[in-house]
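Quick notes on the structure that follows.
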Amino acid sequence: MDNLSVEHLIGIKDLTRRDIELILDTATSFKEVINRPIKKVPTLRDITIANLFFENSTRTKLSFELAEKRLSADVVNFSASGSSVKKGETLVDTVNNILSMKVDMVVMRHASPGAAKFLSDRINAKVINAGDGTHEHPTQALLDAYTIREKLGTLEGKKVVIVGDILHSRVALSNILCLQKLGAEVMVCGPTTLIPKHIGKLGVLVSHNLRAALEWCDVANMLRIQLERQDVKFFPSLREYSMLFGLDKNMLDSLSKEIVVMHPGPINRGVEITSDVADSKQSVILQQVENGVAVRMAVIYLLAAKIDRQ
């Protein structure tokens, strides 16, 4: 079996193109599994995985939990809101307590950028980053890449625009790195206040005109406006944002070609995209959700192969 070049999944920046392709190819096998009448495989019956979510999450947490159970792993769920973290317990103490219960792998979402790396350096278990602050969200980028590859056949030479709140988005950074490693061209589009100053250094194009960006691209990934991460106002109102950077069916239908529309969810319907766009035949939003389980199964399976089971 081919192996990943990394011991943990902390960020896309650590992966080679071969790693990414291995994960996507493995996900294809698992997608067949989850579409069978019996959706489980006994592959990881001897592995225990802890899901540590220090930030609220519905889709990512459910997706990981489903992926783990489809692989027959034992699953421990930990939510910070009802834990000793509220009493002042440190991250390392929390995890060490969980590891003393003989956990092999930790899936963690945390509000602090670098938390997953910090943890992987200090504990004896495989770590999967399920989102760290505004830094990276690698499995989201992998499932987005998988969905584009499934729809268009390849990412090589394809043009992808990421629209919206680039400044606060861990999805944007992971997506940019993943798409570039697979040979795609990337543009970011949004209000000046939501585009990081030095993003051009990542080799992406920058646009502040949604129509021009959509005419350029093959795929548009419409990001959610992350109001919970914004401590000051970055634009006058949601209504103004949606008028300038929201995608509606009229604009979609008026483009000179058909494009693929994506959204990492949860959708603010009527802000980033309207309901008729989200539910249109050009939207692959529900496929992204389905592919998320297969991609996360692939990541868990490939990292589990590196666990020393002595």
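Report the antiparallel proportion of the DSSP beta bridges in region 130-244 as a percent, rounded to a multiple of 5.
Working: 1 of 13 bridges.
Counting only bridges with both partners in region 130-244, antiparallel ones make up about 10 percent.
What is the local net charge at HIS263, summed over the other residues whose Cβ is closer than 11 Å to its Cβ (Lys, Arg +1; Asp, Glu -1)? Please report the intermediate quantities before stating the final value.
Values: positive: ARG224, ARG269; negative: ASP144, GLU272.
Once positives and negatives cancel, what remains is 0.
To the nearest ten degrees, helix 138-152 and the longest principal axis of the Cα atoms of the chain are 60 degrees apart.
Out of all DSSP beta bridges in the chain, what portion is antiparallel? Express it as a percent rounded to 5. Working shown, then result.
Numbers: 1 of 36 bridges.
Approximately 5 percent, going by the DSSP bridge assignments.
Between the helical axis of 17-34 and the longest alpha-carbon principal axis of the chain there is an angle of about 80 degrees.
With the cut-off at 1.5 for a/c, could you classify region 138-288 from its C-alpha gyration tensor as rounded, prolate or oblate?
Working: a/c = 1.45, a/b = 1.13, b/c = 1.28.
Rounded is the answer for region 138-288, as its axis ratio a/c remains below 1.5.
The reciprocal of the average 1/r between distinct C-alpha atoms defines the Kirkwood hydrodynamic radius, which for the chain equals 20.0 Å. Summing Lys, Arg as +1 and Asp, Glu as -1, what charge do residues with Cβ under 9 Å from the Cβ of LYS306 carry, LYS306 excluded? Here the count lands on -1.
The calculated 222 nm mean residue ellipticity attributable to helices in the chain amounts to -11500 deg cm²/dmol, summing -39500 (n - 2.57) over DSSP H runs of n ≥ 4 and dividing by all residues. Residue separation of GLU7 and GLU21 scaled by 0.36 nm, minus their Cα-Cα distance, works out to 3.4 nm of gained length. Stretching the chain fully between ASP253 and THR90 yields a gain of 53.5 nm (0.36 nm per residue, less the alpha carbon separation).
Tell me the relative contact order for region 138-288 as a rounded percent, counting alpha carbon contacts under 8 Å between residues six or more apart. Working shown, then result.
Working: 255 pairs, mean separation 36.1, N = 151.
Dividing the mean separation by the residue count of region 138-288 yields 24 percent.
Report the net charge of residues surrounding LYS159, where surrounding means a beta-carbon distance below 12 angstrom and charges are Lys +1, Arg +1, Asp -1, Glu -1. That works out to -2. Considering only alpha-carbon pairs that sit under 8 angstrom and 6 or more positions apart, the relative contact order computed for the chain is 21 percent. Working from Cα positions, state the angle (0 to 90°, nearest 10) between the long axis of helix 170-181 and the longest principal axis of the chain. Result, in degrees: 90.
FYI, it's all coordinate maths here, none of it is from the lab. Worth saying up front: this structure is predicted, and the values here are computed from it rather than measured. In this analysis, Cβ positions are derived from the backbone assuming ideal geometry, glycine residues included, and neighbour counts consider all displayed protein chains.
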